[in-house]
Each structure stands twice: as structure tokens, then as C-alpha cells.
Amino acid sequence: MSQSRREFLAATSAVAAGTILGAPFVHAARKADGPLIVGEGDYKFEVQHEWPQLPDRFTWQTTHNVAVDKAGNLYVIHEGRADQKDHPSIFVFDSTGKYIRSFGRQFQGGGHGIEIREEGGQEFLYVCAYQALKTFAKLDLQGETVWQQYAPMESGVYAAEEDSKPTGQWGRDRFMPTNFAFLDDGGFLLVDGYGAYYVHRYDKNGKWLSCFGGVGAGEGKFNLPHGVWVDNRPGRKESIVVCDRANNTLQTFSMDGKYQETLKGYGLPANVETWQNLMVVPELRARVTLLNEKNEVVARLGDDIGRITAEGGNQIRGDRNKWLPGKFVHPHDACFGHDGSIFVAEWVGTGRVSKLKRLA
């Protein structure tokens, strides 16, 4: 993930200061020998770092994304190491954080995005991997592959043989998928966050249909469009939200891919997800933001922007001794539990998944 490392080294205090403007005050407090609480009012959470209980025979290798199924089980994908092909890349935990199973060796060394959708009464995982793998797939919840695909060459944006002989090469004519969003007609969106910077549309059978986006500074063009989501919160017209990470914004689009507006004031927003009237935005610059149905910021949790963006702050990622209780280092993905609790996966070398237990 060298691209992100360069971004952090280039981070400026001006950007960090700009992302704080307008944020409501959110404190972190711990009573003696009691729980660690962040947030205020209706947006109060108990922080439970290192929530999933990973068996000793496994290790986290840069945790990337998280998803929750109907039963309340948590699915975590990490990037994994290419030289450990027998190590799983996907881990499943029950509602108490107890390990259930693991699978996904085929994504080891590039595991990235993971989402869950129910289709015809059965739930399926949609998984994508970048680096040398450059692939995406549909699996059942036990890890059995339904189909697996590579670069959509029919889009006309990729280098020759990018689908048949994928390598680890980066570039704007390369395929580096990062995440999915689901459409009402059974199709889905796949965002190429590290490659050509396009959002691809597929039908329910996994057939490529169209794409939008490409390289640019905003208003329909992207600089590292890392996350995508369909926002269908009550009271809002359905739209597509794209995390334009290196432009530090969220962009919204109509369902046919037409640019609508830009939401500013974020620090490398990585993904989005919705629950009831809320949208959660994990930001790689050390915080998790909550928006209401008017897209107003109602909470910013675990904020440690000052330390992460200060000189030498990039070293905190690899030094667990510098991590602070109730503070985030680099939130890479967040998803809601059924009760409004939030699970956060961080882009740190040893991996970390925290649960923000909703208290309100």
C-alpha cells in the first residue's frame, strides 16, 4: 500500500486543521477500571480495541475491511503476505468476538474489500484483491467460490493482458479494485481505487455494463476513489457515494453515474456505510466521522489527527506502544452492526479491529 504511505508523508498541518472545522466536540473518558467511552448524547460508544479473538495460529497482516451478516457475525479481510499462501485472508467471528472459521487463501497477499448481500434468501460475500492478484469474486459464507473475475477489458481503460496476466504493476491503466456497492436490480458497482480510478457497473450475473469517473481533481473525476456505497437512507433520494480519498472529499452521483455534489472536510476518507439515518466515514487520518440524513457531521470519534499528521507521525502505524486508548491510527473501513454499533478495521501493520459498542 505504498501509495497511501506517500500520501501520509505528504500530509500537511493545514489539511489536518481544515478537516477539524465544524466538528462537534467529542471527548474520550474512562472511569477508574471502567469502560472507555467516546462521543456525546445520542452518539456515545464504548471502545473495545482488539475485539475479535484471533487464534494464536493466525496473525493479522494489515487489516483492511469488515462486514456483518444477518446472524451478526463479523467478517474481516486482511491484505496478508504473498509469501504465506496457506494463511487465510478472511476471518469470521460471532457476535461475542469468538472465532468461527477462516478461508480465502486465494486473496492472500492482496485482500482488500469485502461486502455481504442477501440474494434469493442466501447471503453471499463479494471480495476483491489488489496488488499482484487484481481480482474480484463472489463467495458463499463458507468461502466456496461462485465466480471469480479479473480486469474488465471491455471497458477499454486497461493495458493489454491486465486480465489474463495480472502483475503487481501500478498505474492508471492497471486494475486495482478496492470495494463494492450493491444495486436494487441485483447488479453491483466495483470501484477501481488504486488503478484506473473508475467505478464499474455490473449486472446481477457479473457482466460488465459501463463505468464512470477517471483521473481528476473532483466533480466526477477522482484521485484514488477508494470506497463506494449506495446511500438509500430514509428521506434522501437514492444516490452513489464515492470516497475520493486523495482529494479528501466524498462525491455523490445519481444512480446513473451523473455527478451531483462534493462533501469536503475529510482526511483521506476510505469507505462509507449507512445504518438508519446515519453514515459512517472512516478516515485514514485518524478518526471516524458520523453524518446524519442531512449529511451534517454529528460526531467525530477517536480523533488523533494532530499526532498522526505531525512530523514523524507516520511511524505510529508500526509502533503499538504509541497507540492511545480511545484513539484511532488509520481507520480503513467501518461497518455497522445491527444495533448501530460500529466495527472499525485499521490499516496498521499488525492489524487492529475495534468495536464501538453503541450506548445511546
* Structure fact -> Across segment 97-127, the tally of residues that are under 25 Å from Thr274 (Cβ atoms) and part of a loop (DSSP other than H, G, I, E, B) stands at 3
* Asked: Given the residues Gln108, Gln84, which is the only one that is of a type outside the set (Asp, Glu), more than 23 Å from Val199 (Cα to Cα), surrounded by fewer than 18 Cβ atoms within 10 Å (Cβ to Cβ) and touching a residue at least 24 places away in the same chain (Cβ under 8 Å)?
  -> Gln84
* Structure fact -> Over segment 42-69, the set of residues modelled with pLDDT under 95 and open to solvent by less than 10 Å² (accessible area, probe 1.4 Å) is Gln61
* Asked: Right, Val353: in contact with a Leu (Cβ under 7 Å, 6 or more places away or on another chain), at pLDDT 95 or above, within 21 Å of Asp69 (Cβ to Cβ) and in a strand (DSSP E or B) or not?
  -> no
* Options Glu154, Glu162: the member that is in contact (Cβ under 8 Å) with a residue 12 or more places away in the chain, open to solvent by less than 10 Å² (accessible area, probe 1.4 Å) and among the acidic types (Asp, Glu) -> Glu162
* Structure fact -> Of the residues in segment 136-163, those that are closer than 19 Å to Phe182 by Cβ and either within 21 Å of the chain's Cα centre (by Cα) or acidic (Asp, Glu) (or both) come to Phe136, Ala137, Lys138, Leu139, Asp140, Leu141, Gln148, Gln149
* For segment 219-235, what are the residues that are over 20 Å from the mean Cα position of the chain (by Cα) and surrounded by fewer than 16 Cβ atoms within 10 Å (Cβ to Cβ)? -> Glu219, Pro234, Gly235
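The values are calculated or read from the model by the stated rules, or taken from the named source; none is laboratory data. Everything numeric here is computed off the predicted structure, so don't read it as measured data. Virtual Cβ from ideal backbone geometry, glycine too; neighbours counted across all protein chains shown. These accessible areas exclude ligands, DNA and RNA; they are computed on the full protein's heavy atoms, side chains included. Shrake-Rupley method; radii C 1.70, N 1.55, O 1.52, S 1.80 Å.
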